[in-house]
Amino acid sequence: MARKVTRRVVLIADATADDFMPVAHLLGWLSDAGDLAELWSDGTEGLRRLSDVAADLAVVDLDTPSLCGMDALARIARLAARTPVLLLAREGGPERKMWAVEAGAVGMVTKPVDGQTLFRFIDKLLDTI
């Protein structure tokens, strides 16, 4: 299947990137794929950017300062209701993943996760939304 030529915008909130993967690699892979990716490490800044930028996807680490759990999804929904949210979390059993989807996320990935695996997941996800 041919790759879309449109540029996709991905905003990534991750204060603990070094704990599970080099975010620089993820940003590079997204850029190489023709996407625009932006990283923020503070939830307040991330929410501000979400209200300013028409993002195709927000990747949000639940450990990011100023963003936590259900509150994060509710705040994102108020600011950018049409932006799909993929959650990252240190703990993510089946119940928590189901909670994430029921709360409005398009999915949840448990850390640690291989950077290439996360990139492929995000790439496929962007092709479907």
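Looking only at residues of region 14-34 that are of a type in the set (Gly, Ala, Ser) and modelled with pLDDT of 80 or more, we find that the one that is surrounded by the most Cβ atoms within 10 Å (Cβ to Cβ) is Ala33. Do you know which residues across region 107-129 are at pLDDT 85 or above, outside any helix (DSSP H, G or I) and surrounded by fewer than 16 Cβ atoms within 10 Å (Cβ to Cβ)? Residues satisfying the conditions are Gly107, Thr110. Looking only at residues in region 92-106 that are of a type in the set (Gly, Ala, Ser) and either farther than 21 Å from Leu118 by Cβ or surrounded by fewer than 19 Cβ atoms within 10 Å (Cβ to Cβ) (or both), the one that is nearest to the chain's Cα centre (by Cα) is Gly104.
Taken over region 99-129, the residue count meeting the criterion of being basic (Lys, Arg), in contact with a helix residue (DSSP H, G or I) (Cβ under 7 Å, 6 or more places away or on another chain) and farther than 17 Å from Leu62 by Cα is 0. Mind listing whichever residues of region 30-63 are within 19 Å of Lys111 (Cα to Cα) and either among the small types (Gly, Ala, Ser) or out of contact with any strand residue (DSSP E or B) (no Cβ under 9 Å at 6 or more places or on another chain) (or both)? Within region 30-63, Ser41, Gly43, Ala58 qualify. In region 46-71, which residue that is under 20 Å from Arg7 (Cβ atoms) and of a type in the set (Asp, Glu) is surrounded by the fewest Cβ atoms within 10 Å (Cβ to Cβ)? By that ranking, first place goes to Asp52.
Have a look at Ala74, Ala80, Ala89, Ala37 and point out the one that is surrounded by fewer than 16 Cβ atoms within 10 Å (Cβ to Cβ) and of a type in the set (Gly, Ala, Ser).
Numbers: Ala80 fails: surrounded by fewer than 16 Cβ atoms within 10 Å (Cβ to Cβ); Ala89 fails: surrounded by fewer than 16 Cβ atoms within 10 Å (Cβ to Cβ); Ala37 fails: surrounded by fewer than 16 Cβ atoms within 10 Å (Cβ to Cβ).
When all the criteria are applied, what remains is Ala74.
Remark: pairs (first residue in region 49-77, in a helix (DSSP H, G or I); second residue of a type in the set (Phe, Trp, Tyr); Cβ separation under 9 Å; 6+ apart in sequence or on different chains) = Arg49/Trp40; Gly69/Trp99; Met70/Trp99. For Arg7, the conditions (1) of a type in the set (Lys, Arg); (2) within 15 Å of Ile129 (Cβ to Cβ); (3) at pLDDT 80 or above; (4) in contact with a strand residue (DSSP E or B) (Cβ under 7 Å, 6 or more places away or on another chain) are fulfilled apart from (3). Residue under question is Gly93, and the condition is that it be in contact with a strand residue (DSSP E or B) (Cβ under 9 Å, 6 or more places away or on another chain) and on the phi > 0 side of the Ramachandran plot; does it hold? When the stated conditions are applied, Gly93 does not pass them.
The values are calculated or read from the model by the stated rules, or taken from the named source; none is laboratory data. Predicted model, so just to flag it, every value in this text is computed and none were measured. Positions of Cβ are backbone-derived with ideal geometry, glycine not excepted, and every protein chain shown enters the neighbour counts.
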